[in-house]
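Every read-out reported here was derived from the displayed coordinates using simple, explicitly stated rules and does not represent laboratory data. Note that the structure is a prediction, hence the values are computed from the model and not measured. Cβ atoms come from the backbone with ideal geometry, glycine included; neighbour counts cover every protein chain shown.
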Amino acid sequence: MSVPNTEQTAILQKYLDLPQRGKVLAEYIWIDADGGMRSKTKTLDKKPSSVEDLPEWNFDGSSTGQAPGHDSDVYLRPVKFYPCPFRRGDNLIVLAECWNNDGTPNKFNHRHECAKLMKAHEEESVWFGLEQEYTLFDQYDQVYAWPKGGFPAPQGPYYCGVGTGKVYARDLIEAHYRACLYAGINISGINAEVMPSQWEFQVGPCQGIDMGDELWLARYLLMKVGEEFGVKVSLHPKPLKGDWNGAGCHTNVSTKVMRQEGGMKYIEDAISKLAKRHKEHMLLYGADNEQRLTGRHETASIESFSSGVANRGASVRIPRSVAKEGYGYFEDRRPASNIDPYLVTGIMVETICGSIPDADMAKEYARESSD
Ligand code: ADP
Ligand code: MN
Ligand code: MN
Ligand code: MN
């Protein structure tokens, strides 16, 4: 079934040029029950100067699977705002946390606990860099630009590919890149991936809670740009069975001491702590990740923890350049493309820097999984 085209951009332009008479459009965005995003727009009388100026808002949580029908209000508490690359001018995108009527965080709001952990470990100055891999599909749920009813030639020419037939959807990817830069996201690069129509963007280094915030915003922008191109974005870790690469969200990590001379000792210490909590981490590293972590296609097996210098078949990799210099960062290759970055950066800090009494990412996950 075809998706109707709702993007008559040539006609729309006439209206976009109309003055807004001082009003500001704020697109409130939040994370839903399925790891997707929702949004709605509020008209503001003036541009806010800080997040405190933004009003709390709400939505019908029974329509998003985030609340029962008899107590359906979920509250949106603004935490950050960014310039909107779609509406431009003074218009904004507002990232909001979801809260229940009884004053508790909504069960899909993992930002709240993560922020507490990040705050408690501010001194350690934890930096993250996330590599978001994703796969594009067309309106008919075929992998974007793949031959109808068939397959493209086997993997090989597509990773960082250049040239017709080797790379698809570069226009969409370029548009997303610019949108991220406009919004102020610390996007550090993009590349075409091993499977055709699979791509990656990297965000980071970002400190603490900014990592989750910026990754979610970058995902939102990608889905929005996709609307205009009529292209669907999939974050599934193994979108196609068979000899096609899966999609991950490699998580690069460093603390202040790891980034200083002699930092390797702290990197090794962190890796040995990660080895001891492999199972707990895997619970938070994305649904269906067992389909991806097979030990093939540049992955390690989900069953056991491994690490190594320059080894892309290990759970955790120390980049060659880091080993050479003796300090820097490490890469956790286990997280799937569909992770909630708040859960992953949260448990990472908890494991390598230590927990704080009232924040526990494993319990946080249990809260989400119950019922
Ligand atoms: P790969 O070689 O695994 O494909 P990428 O270049 O795609 O690596 O991604 C590397 C990521 O690591 C980037 O997001 C970058 O911002 C991040 N990064 C670089 N240095 C650090 C650091 N010291 N701490 C945390 N992340 C870092
Ligand atoms: Mn990469
Ligand atoms: Mn990659
Ligand atoms: Mn990587």
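Descriptive notes on the structure:
- Only one of the numbered conditions (1) surrounded by fewer than 20 Cβ atoms within 10 Å (Cβ to Cβ); (2) under 26 Å from the mean Cα position of the chain (by Cα) is violated by ALA67, and that is (1).
- Restricted to the stretch 152-266, the set of strands (runs of 3 or more DSSP E) holding at least 3 residues that are away from ligand 2 (no atom under 16 Å from the Cβ) and either without any contact (Cβ under 8 Å) to a residue 60 or more places away in the chain or of a type in the set (Lys, Arg) (or both) is empty.
- MET223 meets the conditions (1) under 13 Å from the mean Cα position of the chain (by Cα); (2) more than 24 Å from TYR158 (Cα to Cα); (3) surrounded by fewer than 22 Cβ atoms within 10 Å (Cβ to Cβ) in every case but one. The failed one is (2).
- Neighbours by Cβ (under 7 Å, 6+ apart or cross-chain): first from the stretch 90-113, touching a residue at least 60 places away in the same chain (Cβ under 8 Å); second among the polar types (S, T, N, Q): GLU97/ASN109; CYS98/GLN66; CYS98/ASN106; CYS98/ASN109; PHE108/GLN66
- Some residue of the stretch 131-139 being more than 14 Å from ligand 3 (Cβ to nearest atom) and touching a Pro at 6+ places or on another chain (Cβ under 7 Å): no
- Residues in the stretch 171-200 that are within 22 Å of LEU95 (Cα to Cα), crowded, with 21+ Cβ neighbours inside 10 Å and within 13 Å of ligand 1 (Cβ to nearest atom): CYS180, ILE185, ILE187.
- Considering only residues in the stretch 324-346 that are more than 16 Å from ligand 2 (Cβ to nearest atom) and touching a His at 6+ places or on another chain (Cβ under 6 Å), the one that is nearest to SER125 (Cα to Cα) turns out to be TYR342.
- Sole exception among (1) touching a Lys or Arg at 6+ places or on another chain (Cβ under 7 Å); (2) farther than 23 Å from ASP138 by Cβ; (3) within 16 Å of ligand 4 (Cβ to nearest atom) for PRO237, by number: (2)
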